[in-house]
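S.K.: Structure below; questions to follow.
Only the coordinates and a few stated rules stand behind these numbers; no lab work does. Predicted model, so just to flag it, every value in this text is computed and none were measured. Every residue, glycine as well, gets a Cβ built from its backbone with ideal geometry; the counts of neighbours run over all protein chains shown.
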């Protein structure tokens, strides 16, 4: 069965290029869910803590922000992301896997977070910052998650639409 997103390309290869076309992907759907969840078991936050926070939010009210394992931002860019999340006024889960200066210490948060940011999001319950791996499938499949700000890497896109 031809996927709607692929029809333009399929038609091009069949009609214009004269090639046979066989749809074989995305291959991630054939990987058992247990295998996909293995990464989540290495999460920097417990599944229960994350689930409890998500359960406390209305459906489609949480923005999940994760730029992938290979994306490292300088302090100034992390500061801008934080300011944007706060200004938006929406609930969010923000995954920060590391910074490009290699310093992931808590003492260094004041360099990449606006003054009082962490305290404000804790007090209001509007945000959760996960420093390290996150249970991405749990977050993406939760009813409260309504958006996904991502770097559009293969795994993130496939997990986001599955």
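S.K.: Can you tell me how much longer the chain between residue 16 and residue 58 gets when fully stretched, taken as 0.36 nm per residue apart minus their C-alpha distance, in nm with one decimal?
M.R.: Values: separation 42, 0.36 × 42 = 15.12 nm, distance 4.84 nm.
Extra length from residue 16 to residue 58 when fully extended: 10.3 nm.
S.K.: Between residue 115 and residue 155, what FRET efficiency comes out of the Förster formula 1/(1 + (r/R0)^6) with R0 = 35 Å and r the beta carbon distance, rounded to 0.05?
M.R.: In this case the efficiency is close to 0.50.
S.K.: Give me 53, 154 ranked fewest to most by other Cβ atoms within 10 Å of their Cβ, as a rough exposure proxy.
M.R.: Values: 53 19, 154 10.
Listed from fewest to most nearby Cβ atoms, that is 154, 53.
S.K.: Same structure again: Given a Förster distance of 35 angstrom, what is the FRET efficiency for residue 90 paired with residue 7, based on the Cβ-Cβ distance and rounded to 0.05?
M.R.: With a Förster radius of 35 Å, E is 0.55.
S.K.: Just to be sure I understand the model, the point goes 7 Å from the Cα along the line to the Cβ. What's the resulting residue 72 to residue 131 distance in nm?
M.R.: 1.6 nm
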